[in-house]
1. Got a sec? What order do 53, 107 fall in by accessible area at 1.4 Å, biggest, i.e. largest, first?
2. Starting from the Cα coordinates of segment 79-155, work out the convex hull volume and express it per residue in Å³.
3. Below 17 Å, Cα to Cα, which aspartates and glutamates can residue 160 reach? Residues fewer than 8 away in the same chain don't count.
4. Where does each of 110, 118 land when they are ordered by accessible area, with a 1.4 Å probe and the largest first?
5. Ranked from the most accessible area to the least, with a 1.4 Å probe and all protein chains present, what is the order of 62, 134?
6. Tell me the per residue accessible area of segment 118-165 using a 1.4 Å probe; a whole number in Å² is fine.
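The values are calculated or read from the model by the stated rules, or taken from the named source; none is laboratory data. These numbers were taken from a predicted model, which means no experiment stands behind them. Accessible surface areas use protein heavy atoms only, side chains included; no ligands, DNA or RNA. Shrake-Rupley method; radii C 1.70, N 1.55, O 1.52, S 1.80 Å.
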Amino acid sequence: MKYNKLFIVILVCLVSLFIYFLLGNQKRIEKDYFLKAGITSFFYKDILSSKGRPLLEKEIIDSENGKKYAKDLLYPGYRLFFMNKNSTNNQKDYFLANVKITDKNYRIGSEKIGIGTSKSLVEKVYEDNKRILDINDGFIDGDTWIQYKFDENQNVSEIKIYYGP
């Protein structure tokens, strides 16, 4: 009886380790994509107080009901898109949905991927990462989704970061 319990405990540990390594085998390219972009909070009010007023701010209004449901903020090298947490009652509580990066100083990972990096290097660096379904140049790095846009020379022209679908 004592050996059966020990066997079950060891078996559960081995299965847990196997699952951990199987699911967690994806290498991380960057620990915190958002922090590298100067994002320490995901709320509109906090971004305004930390980054200051944007160069341009656009409110997006639902054409059917006239309610404001999103904000698009432009900062030098960064475009931040916010969604309203509760668009049904038009509250002014917006959260960050995604960040589009064109800042040449933004660099990620040990290879320092950023604007101007070749598509071949991006592909090489992310070769072990899962791809975003239906997005050719989109990758999943831990809990962050990254999409790359390339120019006519196949160099990175824009990086979009967000959490999941």
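1. Per-residue accessible area, sorted high to low, gives 53, 107.
2. 132
3. Of all the aspartates and glutamates, those that pass the test against residue 160 - Cα under 17 Å, at least 8 places apart if same chain - are 30, 32, 72, 103, 123, 134, 137, 141, 143, 151.
4. 110, 118
5. 134, 62
6. The answer is 56 Å² per residue.
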